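Peer 1: First the structure, which I've put down as structure tokens, then a few questions once you've had a look.
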Amino acid sequence: MSAGNWPGVANRLDVRGRAIGVACNVTSAGDVEALCAAATDTFGALDIMVNNAGITRDATMRKMTESELDQVIDVHLKGCCLGTRAASLRMREQDRGGSIINVSSISGKVGMLGQTNYSAAKAGIVGLTKAAAKEVGFANVRVNAIQPGIIRTPMTDSLREDVMAKKLAEVPMGRAGEPGEVASVVLFLASDMSSYMSGTVLEIAGGRHI
Ligand SMILES: NC(=O)c1ccc[n+]([C@@H]2O[C@H](COP(=O)([O-])OP(=O)(O)OC[C@H]3O[C@@H](n4cnc5c(N)ncnc54)[C@H](O)[C@@H]3O)[C@@H](O)[C@H]2O)c1
């Protein structure tokens, strides 16, 4: 998939013409740079970057293929690195700086069975976030990470019922999170309400794995 105008997604958003869609494979530096350029060209600045793309290729270490390891590290960790770099390069040239939010996971905090690839990538995102926050803080570019727990999205829809029930039993709040409950924390980190926060990791997991 190469970068280019991709109006389908933007048309599905209720933003009255204030959105554009750009196809982007986050594992391609060229695509990620083109995405940031499209945002700057269209809106005059790049204020917020959310590195959210993700895949799972779950398997125990014994069964995991090299390709399953590479794919997950590429999309999550390399994708976040490329997005953080491309966005911060533009944001540091702006007087007002910017806010970058990297989507890690509670798996990156505690490690999940059958997810050595995913847990490693998500833990790596925490290191990336903290190092990047130190590099670009001088330019008022903030870099933070979030660690969602179990959230109802297509990624978790495919989980077996018994696996889901086991996970939910570990959540003190007794339920899965909704995408909107993650989005509102991203909005907080994107906004000036978090203007003195950088290099932090916020958990959105209903109290699971505290
Ligand atoms: N759902 C959960 O319980 C949960 C928990 C913790 C963290 N997360 C993280 O939240 C983020 C969003 O996941 P989700 O649950 O909405 O999953 P999802 O499968 O609904 O969405 C993932 C999106 O990433 C996109 N994507 C995959 N590879 C890509 C690539 N190379 N380039 C560009 N886009 C790509 C997919 O097209 C998809 O739209 C992911 O980083 C995931 O790891 C999810």
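The values are calculated or read from the model by the stated rules, or taken from the named source; none is laboratory data. Note that the structure is predicted; figures quoted are calculated from it, not measured. Cβ placement follows ideal geometry from the backbone for every residue including glycine, while neighbour counts extend to all protein chains displayed. Just so you know, the surface numbers come from the protein's heavy atoms only, side chains and all, with ligands and any DNA or RNA stripped out. Shrake-Rupley method; radii C 1.70, N 1.55, O 1.52, S 1.80 Å.
Peer 1: Just need a number here: residues in the stretch 92-129 that are away from the ligand (no atom under 15 Å from the Cβ) and not hydrophobic (A, V, I, L, M, F, W, C).
Peer 2: Summing the residues that are away from the ligand (no atom under 15 Å from the Cβ) and not hydrophobic (A, V, I, L, M, F, W, C) in the stretch 92-129 gives 9.
Peer 1: Tell me which residues, restricted to the stretch 153-171, are within 13 Å of the ligand (Cβ to nearest atom) and closer than 15 Å to Thr56 by Cα.
Peer 2: Answer for the stretch 153-171, where residues must be within 13 Å of the ligand (Cβ to nearest atom) and closer than 15 Å to Thr56 by Cα: Thr153, Pro154, Met155, Thr156, Asp157, Ser158, Leu159.
Peer 1: In addition: Looking only at the stretch 21-34, which residues are part of a helix (DSSP H, G or I) and among the small types (Gly, Ala, Ser)?
Peer 2: Within the stretch 21-34, Ala29, Gly30, Ala34 qualify.
Peer 1: When the stretch 181-210 is examined, which residues are found to be of a type in the set (Gly, Ala, Ser) and either within 23 Å of Leu46 (Cα to Cα) or in contact with a Cys (Cβ under 6 Å, 6 or more places away or on another chain) (or both)?
Peer 2: Ala183, Ser184, Ala190, Ser191, Ser194, Ser195, Ser198, Gly199
Peer 1: Could you go through the stretch 131-141 and let me know if any residue there is open to solvent by 50 Å² or more (accessible area, probe 1.4 Å), within 11 Å of the ligand (Cβ to nearest atom) and in contact (Cβ under 8 Å) with a residue 12 or more places away in the chain.
Peer 2: There is no residue in the stretch 131-141 that is open to solvent by 50 Å² or more (accessible area, probe 1.4 Å), within 11 Å of the ligand (Cβ to nearest atom) and in contact (Cβ under 8 Å) with a residue 12 or more places away in the chain.
Peer 1: Can I ask one more? Of all residues in the stretch 116-152, how many are of a type in the set (D, E, K, R) and not in a helix (DSSP H, G or I)?
Peer 2: Final tally of qualifying residues: 2.
Peer 1: Take Ala37 and tell me if it is more than 10 Å from the ligand (Cβ to nearest atom), assigned by TED's automatic domain parsing to the domain that holds Lys166 and part of a helix (DSSP H, G or I).
Peer 2: Considered against the rule, which asks whether it is more than 10 Å from the ligand (Cβ to nearest atom), assigned by TED's automatic domain parsing to the domain that holds Lys166 and part of a helix (DSSP H, G or I), Ala37 comes out as no.
Peer 1: Take Ser195 and decide whether it is assigned by TED's automatic domain parsing to the domain that holds Asp58, open to solvent by 60 Å² or more (accessible area, probe 1.4 Å) and at pLDDT below 95.
Peer 2: no
Peer 1: I've got another one for you. I'd like the full set of residues that are within 24 Å of Ser198 (Cα to Cα) and touching a Leu at 6+ places or on another chain (Cβ under 9 Å), limited to the stretch 51-72.
Peer 2: Result: Asn51, single match.
Peer 1: Among the residues of the stretch 152-161, is any touching a residue at least 60 places away in the same chain (Cβ under 8 Å) and on the phi < 0 side of the Ramachandran plot?
Peer 2: Yes, the stretch 152-161 has at least one match.
Peer 1: Suppose we filter Leu168, Leu159, Leu82, Leu113 for residues that are open to solvent by 30 Å² or more (accessible area, probe 1.4 Å) and part of a helix (DSSP H, G or I); which single one remains?
Peer 2: After applying the criteria, what remains is Leu168.
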